[in-house]
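J.: One structure follows; several queries about it will come next.
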Amino acid sequence: MMRCSKCIYPSNHPFGLTFNEKNICSGCLIHQEKFDLNWENRFELLKTKVDIYKGSGDYHCIVPIKGTPEYFYLLDIVKNKLGLNPLCVSFNSQFNSQVGIKNFDLLRDTFDVDLIHYTSNPNIYKKLIRESITKLNSMRWPYLAGEKQFPVQLAIEMNIPLIIWPFYQATEQAGVHSYTEEIEMTRRSRHQFDLMGIEPHELINIGSLISKSDIEDLNYPSNKNISKLNLKGIYLDNYIPWDSRILSEKMIKNFSAFSARNTR
């Protein structure tokens, strides 16, 4: 097993890493772009991409949020810097901290946004977690499946053709794409990086007691409905240098966002 000479990430990273002749991984190589790109130009590019949505409906876009401080930065950019009126959405992980719950309330009140918070049936959710731990050694799989599905489904139901996500984890961790590629959220990226190659219907079996109805709120919308709406899911980190720790510290200072010590 190889390890990157800079960040010591191993070659068996779940997102996949490549290494150059100096044994530097793709994640570190793409990370260097944060210091080399002209981010002022990239932000201007972002503004031209989103301006066309400002005349559409009551909401210009959907913004998936969580209860961590960096999402104050996300909403500050979307509402105050880009001038968009977002509908905020959240898929409940059902493992919420008191700090996270407080931040949800503070986010809503600070930026005066509407927030739809979806909670799936707890008993079904427990079954899904048990099955994903058994099959995938991951208790987060049901949350990741729902988190990436719910905003897309809601966008189709409410006819909102733009979703703005904060960052693309596969790029931030493993340098899967250059920021200049302007990768968008897709069914394929959800399948490969969030769901670890397992779709919800593959969990249905008699032994697990999981039925077709149990996974309804985890199924991704059809390509037909996505194409009909011409739905776009863009990532802010392609246009703004993203650093979760630095941004969180700024938001704690600027907006009094709540934080907690990470016991890990």
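J.: For segment 122-195, give me every one of the helices (runs of 4 or more DSSP H) that falls completely inside it and has 2 or more residues that are closer than 25 Å to LEU75 by Cβ.
T.: Helices (runs of 4 or more DSSP H) meeting the threshold: 141-158, 169-174.
J.: Continuing with this model, one more query. Within the set of pairs 6 or more residues apart or between chains, which connect a residue that is closer than 16 Å to PHE150 by Cβ inside segment 83-110 to a residue that is basic (Lys, Arg) and open to solvent by 10 Å² or more (accessible area, probe 1.4 Å) with Cβ atoms less than 9 Å apart?
T.: PRO86/LYS79; CYS88/ARG108; SER90/LYS66; PHE91/LYS148; SER93/LYS66; SER93/ARG140; GLN94/LYS126; PHE104/LYS66
J.: Looking at segment 220-242, which of its residues are open to solvent by 60 Å² or more (accessible area, probe 1.4 Å) and either over 16 Å from PRO64 (Cβ atoms) or part of a helix (DSSP H, G or I) (or both)?
T.: ASN223, LYS224, ASN225, SER227, LYS228, ASN230
J.: Going residue by residue through segment 200-216, is there one that turns out to be crowded, with 19+ Cβ neighbours inside 10 Å, part of a loop (DSSP other than H, G, I, E, B) and out of contact with any strand residue (DSSP E or B) (no Cβ under 9 Å at 6 or more places or on another chain)?
T.: There is no residue in segment 200-216 that is crowded, with 19+ Cβ neighbours inside 10 Å, part of a loop (DSSP other than H, G, I, E, B) and out of contact with any strand residue (DSSP E or B) (no Cβ under 9 Å at 6 or more places or on another chain).
J.: Does VAL78 fit the bill of being open to solvent by 30 Å² or more (accessible area, probe 1.4 Å) and either touching a strand residue (DSSP E or B) at 6+ places or on another chain (Cβ under 9 Å) or in contact (Cβ under 8 Å) with a residue 40 or more places away in the chain (or both)?
T.: When the stated conditions are applied, VAL78 does not pass them.
J.: So for segment 96-117 (the condition being open to solvent by less than 40 Å² (accessible area, probe 1.4 Å), at pLDDT below 95 and among the hydroxyl-bearing types (Ser, Thr, Tyr)), does at least one residue qualify?
T.: No; the residues of segment 96-117 include none that is open to solvent by less than 40 Å² (accessible area, probe 1.4 Å), at pLDDT below 95 and among the hydroxyl-bearing types (Ser, Thr, Tyr).
J.: Still on this structure, please answer the following. Take THR180 and decide whether it is more than 18 Å from the chain's Cα centre (by Cα), modelled with pLDDT of 95 or more and under 27 Å from ASN262 (Cβ atoms).
T.: No.
The values are calculated or read from the model by the stated rules, or taken from the named source; none is laboratory data. Small disclaimer: the values here were computed from a predicted structure and weren't measured. Cβ atoms come from the backbone with ideal geometry, glycine included; neighbour counts cover every protein chain shown. Heavy atoms of the whole protein, side chains included, go into the accessibility calculation; ligands, DNA and RNA do not. Shrake-Rupley method; radii C 1.70, N 1.55, O 1.52, S 1.80 Å.
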